[in-house]
Amino acid sequence: MEPAGTRDHTELALEEFGAAIEKHGRTIRVHGLGRGNGGGKLTARSLDVPGDLSSAVFFIAAASLFPDSNILIHNVGLNPTRTAILDFLASMGASLQILD
């Protein structure tokens, strides 16, 4: 059981590859993986993996130091557990746009 909500990258990836994920409150169970526990196997897939915001933040912060600077970063994964840094930078005066 998780003491608090955390990033869910592992559960999302396992589910994408065919694992059965069960979520009840702060408890997460993975069913049907490996030998001897009900069978089941993961299925390989070809995926596009987005860039990580924590790596992009260094460039965003550097650009925000210079007035009238512009930076465009493509294919960075954004989700509610990762975007607080963007809110923080905006609160300090950085002008940010998120394009879908």
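The values are calculated or read from the model by the stated rules, or taken from the named source; none is laboratory data. Just so we're clear, the structure is a prediction, and the values are computed from it rather than from any experiment. So basically every Cβ, Gly included, is an ideal-geometry build from the backbone, and we count neighbours across all protein chains shown. What goes into the accessible areas is simple: the full protein's heavy atoms, side chains included, and nothing from ligands, DNA or RNA. Shrake-Rupley method; radii C 1.70, N 1.55, O 1.52, S 1.80 Å.
Figures for the structure shown
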| item | result |
| --- | --- |
| Within region 56-100, considering residues that are hydrophobic (A, V, I, L, M, F, W, C), out of contact with any helix residue (DSSP H, G or I) (no Cβ under 9 Å at 6 or more places or on another chain) and not in a loop (DSSP other than H, G, I, E, B), the one surrounded by the most Cβ atoms within 10 Å (Cβ to Cβ) | Ala56 |
| Output for region 9-36, where each listed residue is at pLDDT below 80, open to solvent by less than 60 Å² (accessible area, probe 1.4 Å) and touching a strand residue (DSSP E or B) at 6+ places or on another chain (Cβ under 8 Å) | Gly32 |
| Tabulated pairs, region 7-33, first under 25 Å from Leu78 (Cβ atoms) and part of a loop (DSSP other than H, G, I, E, B), second of a type in the set (Ser, Thr, Tyr) and open to solvent by 50 Å² or more (accessible area, probe 1.4 Å), C-beta under 6 angstrom, 6+ apart or interchain | Arg7/Thr81; Phe17/Thr43 |
